[in-house]
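First comes the structure, then the notes that go with it.
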Amino acid sequence: MNAKSFSYGILRAVGILIGIFLLLYFLYTIQSVLVYIAVAGVISLIGRPVVIFLRSSLRIPNQLAVIIVLLLVLLIFVGIILVFVPIVIEQTYHLGQIDIEAFKNDINELNTQINAYLGVEEINILESIRQSEFMRSLDMNMIPRFLNSVFGILGATLIAVFSIIFISFFLLKDSKLMLNSILVFANKGEEDKFQRVFNKIKILLSRYFVGLTLQITVLFILYVLLLSIFEVNNPVAIAFICAILNLVPYLGPIFAGILMALFVISSNLGADFQTIILPRVIYVMLGYGIAQLIDNFISQPLIFGASVRSHPLEIFLIILIAGLMFGVVGMVVAIPFYTALKVIAKESLSEYKIVKRLTRDL
């Protein structure tokens, strides 16, 4: 190898590294747009079966069917806002009407009852809060900064909703739009292979996200019934939050259970701990446990078995690894990402024994 070829190789390697760096920087800069596309992709995967049903069974034109689906999505989004905004306004009003001294007495009384029931040394909750690092570092300038953040979040949310709906419209309207975008990366003669992989991934992920939506809906209904029976304040909002937390595998249900128990306690603040609060918390947690058993032994096997076609142990290990590497976000996206990788591996690396083993059900 002469000096000229060696220099060319070095320059080419440096150019490739610079190109990769610029590409990664560009992707990092437009990460919001990538999130919009990803969310729109999920909406299109969930809404596509509905569009096909409206088009084939009810003979509705494709464009009108897409508009109907997106209107349903907007109605769900508006419904969520209509559920939460009145609750926030109501709680803000109640906060303004709170008798601080009575509230202190309720907290101290609850603290005394819990300490007496557990047989532990009494701990002054109010004094602990007063001496905490948070209270010592509390800055009143936080309030205007908080309001500015709220308005900033509101503006960003409106932009995000508009962008997602706009992208979703075209993804639902033209089912081949994303496929044609991906095919530009295929080598000549490999278009059919790319199309098979894309269609397989689309079918599996569509089933997965539809199943996930049904899972969250079932949990939401069970939680609403449970909280309504025990007269917990704002059962719809609490049930929705706890159901959404179940999107995070394994950790989500734990946090949802803790949150539900805290809401039960707050709804009965001022009542006797041993005769009212503790029994209600126990009964609600038993009901919550039954709902989770229904989810674990009925809903999840149907979703994972019929959609992603992976063994439960395989799914557990993938979620665990993704959680260790990328945190909560990794746990949420682990299953769809792993499913896509399995389909790609089956088409490209089917000669390997381990690939055959992992993709035998695809």
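Observations, loosely collected:
- Spin-label pair residue 321/residue 30, simplified geometry with 7 Å Cα→Cβ offset, distance in nm: 3.0
- Relative frequency of Cα-Cα separations exceeding 15 Å in the range 231-292, percent: 49
- Between the beta carbons of residue 157 and residue 55, assuming R0 = 45 Å, the FRET efficiency works out to 0.90 to the nearest 0.05.
FYI, it's all coordinate maths here, none of it is from the lab. Computed from a predicted model, the values in this text were never measured in an experiment. As a convention, Cβ positions derive from the backbone with ideal geometry for all residues, glycine included, and neighbour counts pool all protein chains shown.
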